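See below for the structure under consideration.
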Amino acid sequence: MKKFFLFLMICLLLFAGITYWSLSVGPSEIRISEVSDPRVTTEDDFRNLKLINVTPTNQYGASGIKRFMQGENYRRVWERPVSAEIFFLDSFTIVKEGGGNQTRSLKIKNKDSILYSLRSINKDPDPLIPALARLLKLENVIVDGVSAQHPFGALLAASLAETAEILHTHPRIVYVPGHTSLGKYATNYANRLYLLEYETEGEVNWTSFPNVIEIVETDDLLEMKAEMGDKLHIDIRKLVRARLFDLLIGDWDRHAKQWGWVLQEQEDKVRAIPLPADRDNAFFRIDGVLPTMITNKLVQPMVRPFEKDIDHLPGYTFYPFDYYFLNNVPEHIFTEEAENLQKLITDEEIEKAIQKWPGQAAALNGKEIAEKLRHRRDKLTEYAKDFRSEIQKNKSSGKPLKGTEDLDLPPSLQKCFECN
């Protein structure tokens, strides 16, 4: 027995040693949004070009040991150059600074009063690092974990959403050089890669839907529901389809602040059409010893890897969003919308979407992701039934949706959107 415990202790010490060694290995100099074009050295040089090659970052470069311990993830595509549109804000007004826990963003408005968002492709997960991780010097596990996100996953998600007849924010890759239009924001936002996309709110209709009153975020939608009552309804089928699409692309992080709603006037009523946004975690790839341990469904059930099979469906219903909006939806709507997605997202359409991917994304990740998409699509009706079942299990906790904590809503609307 003593020999066993001695052996176990040696194994634990060895594991700890390899772990800390892998955390300490990285590039000697971190470079973010590095321009690889000798033609540009000043702002005037940028203005003479339309496109430029930019490498997102080298910070996820890793040795074999680090890749074994912390995963291969999408490291290679993060360190490959991508062609980006050079974007100046000369004809835009900066409305305000935004962003979540990892993303820097600017909300901007063009001369036609259409709202856009500049969302940083490079992430800063520092706010997410627990105090214990800092104490144990394990911060790099969180920082390096960003390599599990695909830097251009949002573009593939948008192409597939177009095929699936689901609204999206039309993201495109841009590079913002330092220039005077940035004003006080130049320090934090100049010389960086971004996704430029439509905002999930605004008074101007940029969608193809007619008779749109405005586009609102979820908190505004709930306030309008409190005022309008039965005159305002969600397009349930479109929301079910959008949520099943999330399962298809493995996007597990879908709280209420990541949705907009296109309000369409229909005689004396208003239809709210869902507008999904923020695709940072689509196609989230987890491998390596440490990430696999940390994201085990018994440890962190919410963070789900994009594999051929959905290994833990409850992880996709972590937020109260689904119960709040979909708790009374019959099963046949889920299965019918799953069948609709299966018909729309054919093998050919998947391949077309992959080939539209920028840079070396298609060559590096296309085959693997296409195979997983096909497998998930073929099982989507099965997933749809199980997904609805999971929603039914998640009875309302009474907690408000993210971003609606300060709203003064009637009791029925606090519980769910269509409660009587």
Give me the Å³ per residue figure for the convex hull around the C-alpha atoms of segment 140-249. 183 Å³
Kyte-Doolittle mean at least 0.0 and Cα extent at least 27 Å along the axis: which DSSP H helices of the chain qualify? 2-24
To the nearest 500 deg cm²/dmol, what mean residue ellipticity at 222 nm is calculated for the chain from DSSP H runs of n ≥ 4 alone, each contributing -39,500 (n - 2.57), summed and divided by the residues? -10500 deg cm²/dmol
Charge-dipole axis of the chain as Lys and Arg at +1 and Asp and Glu at -1 on Cβ define it, positive-most pick from 113, 413, 87: 87
Please give the per residue volume of the convex hull enclosing the alpha carbon atoms of segment 207-420, rounded to a whole number of Å³. 143 Å³
Considering Cα pairs under 8 angstrom that are at least six residues apart, work out the relative contact order of the chain and quote it in whole percent. 15 percent
Amide H partners (placed H, <5 Å) of residue 108, local residues excluded: 95, 116, 117, 118
Please tell me which of these pairs span more than 30 angstrom C-alpha to C-alpha: 50/372; 111/184; 107/308; 297/367; 66/297; 231/395? 50/372; 107/308
HN-Hα J in Hz across segment 200-216 - Karplus 6.51, -1.76, 1.60, θ = phi - 60°, x for Gly and Pro: 8, 7, x, 8, 9, 7, 9, 7, 8, 6, x, 6, 7, 7, 5, 10, 10
Lys/Arg Cβ at +1, Asp/Glu Cβ at -1, dipole of segment 260-395 taken about the Cα centre: which of 389, 262, 310 is farthest positive-ward? 310
With viscosity set to 1.002 mPa s and temperature to 20 °C, compute the Stokes-Einstein D of segment 291-335, Rh being the Kirkwood radius across alpha carbon pairs; µm²/s, no decimals. 176 µm²/s
Could you pull out every residue, at least 5 positions away or on a different chain, whose amide H is within less than 5 Å of the one on residue 121? Hs are placed 1.01 Å off N in the peptide plane, and Pro or chain starts have none. 193, 194, 195
Among GluC sites (Glu not before Pro) in segment 257-328, those in a DSSP loop whose Cβ has at most 15 other Cβ atoms within 10 Å are 267, 307
1/(1 + (r/R0)^6) with r = Cβ-Cβ of residue 110 and residue 393, R0 = 56 Å, i.e. FRET efficiency to nearest 0.05, evaluates to 0.80
Per-residue HN-Hα couplings for segment 400-415 [Karplus 6.51, -1.76, 1.60; θ = phi - 60°; Hz; x = Gly/Pro]: x, 5, 4, x, 10, 4, 9, 6, 9, 9, x, x, 5, 7, 6, 7
Karplus ³J(HN,Hα) for segment 103-114 (6.51 cos²θ - 1.76 cosθ + 1.60, θ = phi - 60°; Hz, whole; x = Gly/Pro) runs 9, 8, 8, 10, 8, 10, 10, 8, 5, 8, 6, 7
Measuring from centroid to centroid over Cα atoms, what is the spacing of segment 312-343 and segment 345-420 in Å? 8 Å
Starting from the Kirkwood radius over alpha-carbon pairs of the chain, derive D by Stokes-Einstein at 10 °C in a medium of 1.306 mPa s and give it in µm² s⁻¹. 69 µm²/s
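Every number here is computed from the coordinates shown, using simple stated rules; none is lab data. A quick note: this is a predicted structure, and the numbers were derived from the prediction, not measured. Backbone-built Cβ (ideal geometry, glycine too); neighbour counts: all protein chains shown.
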